[in-house]
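The values are calculated or read from the model by the stated rules, or taken from the named source; none is laboratory data. All values reported here derive from a predicted model rather than from experimental measurement. When we count neighbours, we look across all protein chains shown, and the Cβ atoms used for this are built from the backbone with ideal geometry, even at glycine. Keep in mind that these areas ignore ligands, DNA and RNA; they rest on the heavy atoms of the full protein, side chains included. Shrake-Rupley method; radii C 1.70, N 1.55, O 1.52, S 1.80 Å.
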Amino acid sequence: MNSFSVTLFIFPIIIFLQCLSSTGAATCHPDDEAGLLAFKSGITQDPSGMLSSWKKGTSCCSWKGVICLNSDRVTILELVGFLKKPERSLSGTLSPSLAKLKHLNVISLGDHGNITGPFPKFLLQLPKLRYVDIQNNRLSGPLPANIGVLNTLEEIFLNGNKFTGSIPSSISNLTRLSYLFLGGNLLTGTIRFEISNLKLLQNLNLGGNRLSGTIPDIFESMTLLKFLDLSRNGFSGELPPSIVSVAPTLLALDLSQNNLSGTIPSYISRFNRLEKLNLSKNRFSGVVPEGFVNLTNLNNLDLSHNLLTDQFPDLIINTIEYLDLSYNLFQLETIPKWVTSLPSIFLLKLAKCGIKMSLDDWKPAEPLYFHYIDLSKNEISGSLERFLNQTEYLLELRVAGNKLRFDMGNLTFPRTLKTLDLSRNLVYGKVPATVAGLQRLNISQNHLCGELPATKFPASAFAGNDCLCGSPLSPCKA
């Protein structure tokens with residue numbers, strides 16, 4: 001679940017297979033033509049010409065993004081925008097005249113970014129809808145109280161808009177839903193217990209709202225759930241007991257950035273299919289359960305910014321690529337052997353973990369693949385020179401607030417490096433000219449000396465050293 005941030009579509013595959021059986025010769029029902037042309041009139045900008053083929057008097061079944069399956073009625077409307085290039089996407093509003101498309105099964109108008117207005121209530125008048133995607137637009141206002149009339153829906157993506165108010169209780173009537181995405185809005189209130197009626201859910205995303213209260217005990221009936229994202233809300237209290245019911249199926253669990261507390265329950269050992277676990281930025285306390293050794297499929301583990309204490313279990317996992325244990329109450333002393341032996345780790349963050357070893361003694365199995373490293377605020381000594389020479393793809397290195405001691409002039413940076421923070425160490429020597437190729441640099445509070453190379457960095461990046469001079473600091477003495 002970056003898989004949480006990447007929507008997993010099933011319907012485009014179905015659409016492709018269904019299109020193979022379409023006659024392609026269907027004429028256009030007058031109601032559908034009128035509804036689609038009204039929709040076009042509500043679009044104020046179409047820079048990519050998505051609607052250029054939509055012309056009165058031609059068969060709407062042949063228009064771009066419009067599909068009629070084995071009749072003259074439109075069953076699919078699919079005009080997906082360019083999320084990262086909104087200047088190429090549609091702008092405007094969604095015409096209520098789309099209610100004329102009574103045979104519509106699929107409506108996909110997501111990722112335009114500039115479609116505005118309230119929740120499109122015309123959707124409530126379309127009795128055959130199975131799939132709705134209006135994500136990543138600028139729709140706003142409350143969700144309709146009677147959204148539950150859409151009881152044929154199997155997937156709905158409303159995430160990435162500005163919807164407000166509470167989650168309507170009638171959403172519990174959408175008992176065919178397998179995907180429910182409401183994340184990235186401004187929704188408030190609590191999660192209603194009635195949502196437990198959605199027994200076919202495979203992916204529930206409520207992350208990035210303003211929801212609060214405790215997480216209700218709703219999971220006993222959700223035996224198909226694979227992805228659960230409740231992150232970036234205001235949930236408090238402990239985890240509900242029924243969450244163990246989804247252990248046999250759950251692949252990704254993201255509860256980060258809430259106010260959850262208590263210990264991590266020992267039944268976490270039963271979630272042995274988990275690939276992603278993110279509990280960061282909460283108030284979990286106590287020791288990490290020994291049952292973590294059973295989570296042998298983990299790819300992404302983030303327990304950072306909690307109140308967790310030693311001893312951390314020795315994991316028998318070789319699948320982890322992203323690991324963040326930073327800012328807890330750990331006193332690891334050394335980088336654990338199971339971490340050092342990971343064969344393909346891209347991100348490693350162990351900031352403020354009580355590490356007191358020499359970096360010269362750390363010999364990771366595959367340093368070549370590191371992209372992001374944060375070992376800040378420990379008591380790590382030694383030199384970076386050997387380690388940096390072993391990396392090829394490193395993008396970011398943060399080791400501030402340690403006891404590293406080496407000649408910076410001897411460092412060779414990988415060509416990929418963009419961010420380097422060596423501040424508050426014991427680094428000496430001259431600053432190499434190669435720092436000019438970085439995007440972010442902090443080497444303040446060290447023992448560096450000599451004239452600075454030409455860079456774009458502010459004086460704060462170099463402050464607190466012994467005898468550095470030259471722009472942006474004071475001029476060097478002749």
Projected-area mean, segment 268-398, by convex hull of Cα positions, square nanometres: 7.0 nm²
About its Cα centre, the chain carries a charge dipole, from +1 on Lys and Arg Cβ atoms and -1 on Asp and Glu Cβ atoms, whose size in debye to the nearest 20 is 1040 debye
Accessible surface of segment 344-478 [probe 1.4 Å, protein heavy atoms]: carbon and sulfur percent: 49 percent
Over the chain, the sum of -39500 (n - 2.57) across DSSP H runs of at least four, divided by residue number and rounded to 500 deg cm²/dmol, gives at 222 nm -1500 deg cm²/dmol
Segment 72-204 - percent of accessible surface contributed by carbon and sulfur, probe 1.4 Å: 52 percent
To the nearest Å², the heavy-atom accessible area per residue of the chain with 1.4 Å probe amounts to 42 Å²
Count charges around P86 for me, please; just the other residues with Cβ under 12 Å from its Cβ, Lys/Arg as +1, Asp/Glu as -1. +2
Can you find, among S62, T175, A38, the residue sitting farthest towards the positive end of the charge dipole of the chain, where Lys and Arg contribute +1 and Asp and Glu -1 at Cβ? A38
Treating the beta-carbon of each Lys and Arg as +1 and of each Asp and Glu as -1, no other charges, what is the dipole magnitude of segment 328-478 about its Cα centre, to the nearest 20 debye? 260 debye
Of R405, R386, which has the most accessible area and how do the rest follow, probe 1.4 Å? R405, R386
Please work out the FRET efficiency for the pair K430 and E392, using the Cβ-Cβ distance as r and a Förster radius of 30 Å; give the result to the nearest 0.05. 0.75
Flagged links, alpha-carbon separation over 32 Å, of K162/K456; K226/K377; K102/K199; K56/K85; K84/K403: K162/K456; K226/K377; K84/K403
Using +1 on the beta carbon of Lys and Arg, -1 on that of Asp and Glu, and nothing else charged, what's the dipole of segment 42-179 about the Cα centre, debye to 20? 240 debye
Which Cα, out of G464, G450, S423, lies furthest along the positive dipole direction of segment 401-478 (beta carbon charges, K/R +1, D/E -1)? S423
Along the three principal axes, how long is the chain when you take its alpha carbons, biggest first, rounded to the nearest angstrom? 83, 56, 39
Just name one of N278, F193, P248: the one whose Cα is farthest towards the positive end of the charge dipole of the chain (beta-carbon charges, Lys/Arg +1, Asp/Glu -1). F193
Looking at the chain only, what percent of DSSP beta bridges run antiparallel? Nearest 5 please. 5 percent
